Amino acid sequence: MFKETELVKEKIKYNYNELYDKHNCMHIAFNVNASFFMQMGVAIISVLENNPQKAFSFHVFVDTFNNEDAEKLKTIAEKYKQTIIIYVMDMQPLQGFHIKVKRFSRVTYLRLLMPKVLREIDKYLYMDADMICLSSLTDIEMFDLDRYAFAAVSDLPEAVEYRSNFLKLKNGKYFNDGLMWIDVKKWNEQQITEKCFEYQGADPSMFLGQTQDILNIVMDGNILFIDRKFNVMSEDTELKDAVIYHFFGRFKPWEMVLNKYDKLWRKYLTLSPWPDMPSELPPKKPQYYHDYKKIASINYSEQKYLKALNAFCWYSILKIRLKLGL
């Protein structure tokens, strides 16, 4: 069931590292659908810009893609003299998994199959595409995983308490699976993929999310918990301390700019093959009405009252349009 030849429908490799050696580079993996290539591309560029002397191999797991975006990844690999590999996966084995949050797809479950496909490497870093790297990743490579299959960061305190209670976790711990430093051999020895697949067809009411809940149930705290600076999910950590920032939640930097991290994301976008986004405001469309409420709140807290009033007016207008179907 988990043979690479059966899971991978197509494999495309862009290798511009003349000294490429799969055992002498850092491996980073993503799972995305066709609409999220730009965000992933920005994440990749942020890694490369902050680790200029390092060799990387990026593994991109997808259900489908368009040729234009694939060419942009090729451009990045060529520019930075690195390796990017696209794996077009057979999604049929994942059809039994639930989708709890409508904006997600079953592509998120591809992270459960990565250790089966990447058997020939020792360790890799899984990253969500809505992240940016802010400094060196050397410390991550130095982690001693000991007996653990992977390392991750604890979720936000309120999420840990609520979700660990909801899922009835014995250890009372709950990690965010947006970033995982994975030992491939230990993952496979502990049959983590197989244990996760036992939850196919389970009642969706058992879960609050997708892979993250399943992985937390399977591991129940039996992972290496690492410092929050490796997966910063709020603005509490100063920029100089953060290694990886996670655009956690509904407000995203490709829709609007609210803080210094959003501005940094836009900076890395300008270095990418994708078009720049000059406007810091989201589109004035009904589906973005919540965003304008958030903008109004932030401007008000910063005593920018005219901007706050303008944003609140647009929040009201767009909300009315949504209700009227305009």
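Here are the numbers for this structure:
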item: Failed item in (1) surrounded by 14 or more Cβ atoms within 10 Å (Cβ to Cβ); (2) at pLDDT 95 or above, with T237 passing the rest; result: (2)
item: Matching residues in the stretch 22-47 - criterion: being farther than 17 Å from R103 by Cβ and open to solvent by 10 Å² or more (accessible area, probe 1.4 Å); result: K22, H23, N24, C25
item: Failed condition for Y300, given (1) part of a helix (DSSP H, G or I); (2) touching a Lys or Arg at 6+ places or on another chain (Cβ under 8 Å); result: (2)
item: Selection from the stretch 303-316 of residues that are open to solvent by 70 Å² or more (accessible area, probe 1.4 Å) and in a helix (DSSP H, G or I); result: Y305, L306, K307, L309, N310, F312
item: Selected residue (only one of K74, K22, K13 is more than 19 Å from the chain's Cα centre (by Cα) and in a loop (DSSP other than H, G, I, E, B)); result: K22
item: Single condition P253 does not satisfy, out of (1) farther than 26 Å from L118 by Cβ; (2) surrounded by fewer than 19 Cβ atoms within 10 Å (Cβ to Cβ); result: (2)
item: Any hit, the stretch 233-243, residues being out of contact with any Ser or Thr (no Cβ under 8 Å at 6 or more places or on another chain), outside any loop (DSSP other than H, G, I, E, B) and of a type in the set (V, I, T); result: no
item: Residues within the stretch 90-108 that are open to solvent by 40 Å² or more (accessible area, probe 1.4 Å) and in contact with a strand residue (DSSP E or B) (Cβ under 8 Å, 6 or more places away or on another chain), tallied; result: 1
item: Qualifying residue in the stretch 111-123 (condition: farther than 30 Å from L269 by Cβ and either among the hydrophobic types (A, V, I, L, M, F, W, C) or within 18 Å of the chain's Cα centre (by Cα) (or both)); result: yes
item: Residue under evaluation F104, criteria (1) at pLDDT below 95; (2) aromatic (F, W, Y); (3) within 17 Å of I12 (Cβ to Cβ), criterion not met; result: (3)
item: In the stretch 77-89, the residues that are assigned to a loop (DSSP other than H, G, I, E, B) and buried (at least 20 other Cβ atoms within 10 Å of the Cβ); result: Q82
item: N50 touching a strand residue (DSSP E or B) at 6+ places or on another chain (Cβ under 8 Å) and within 18 Å of E120 (Cβ to Cβ); result: no
item: Matching residues, the stretch 260-273, being open to solvent by 20 Å² or more (accessible area, probe 1.4 Å) and either among the charged types (D, E, K, R) or out of contact with any strand residue (DSSP E or B) (no Cβ under 8 Å at 6 or more places or on another chain) (or both); result: K260, K263, R266, K267, T270, L271, P273
item: Residue match in the stretch 41-50 (condition: over 29 Å from K263 (Cα atoms) and in contact (Cβ under 8 Å) with a residue 40 or more places away in the chain); result: no
item: Residues of the stretch 125-147 that turn out to be assigned to a helix (DSSP H, G or I) and either open to solvent by less than 10 Å² (accessible area, probe 1.4 Å) or in contact with a Leu (Cβ under 7 Å, 6 or more places away or on another chain) (or both), as a count; result: 1
item: The stretch 250-287 - residue that is at pLDDT 90 or above and acidic (D, E) and, of those, farthest from E68 (Cα to Cα); result: D262
item: Flag if K168 is surrounded by fewer than 19 Cβ atoms within 10 Å (Cβ to Cβ), modelled with pLDDT of 95 or more and in a loop (DSSP other than H, G, I, E, B); result: yes
item: Where a residue in the stretch 285-296 is among the aromatic types (F, W, Y) and its partner, wherever it lies, is not in a helix (DSSP H, G or I), with Cβ under 6 Å and at least six apart; result: Y288/P282
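The values are calculated or read from the model by the stated rules, or taken from the named source; none is laboratory data. Quick caveat, the model's predicted, so the values are computed rather than measured. Glycine also receives a Cβ, built like all others from the backbone with ideal geometry; neighbour counts cover every protein chain displayed. Quick note on the areas: whole protein, heavy atoms, side chains included, nothing else; ligands and nucleic acids left out. Shrake-Rupley method; radii C 1.70, N 1.55, O 1.52, S 1.80 Å.
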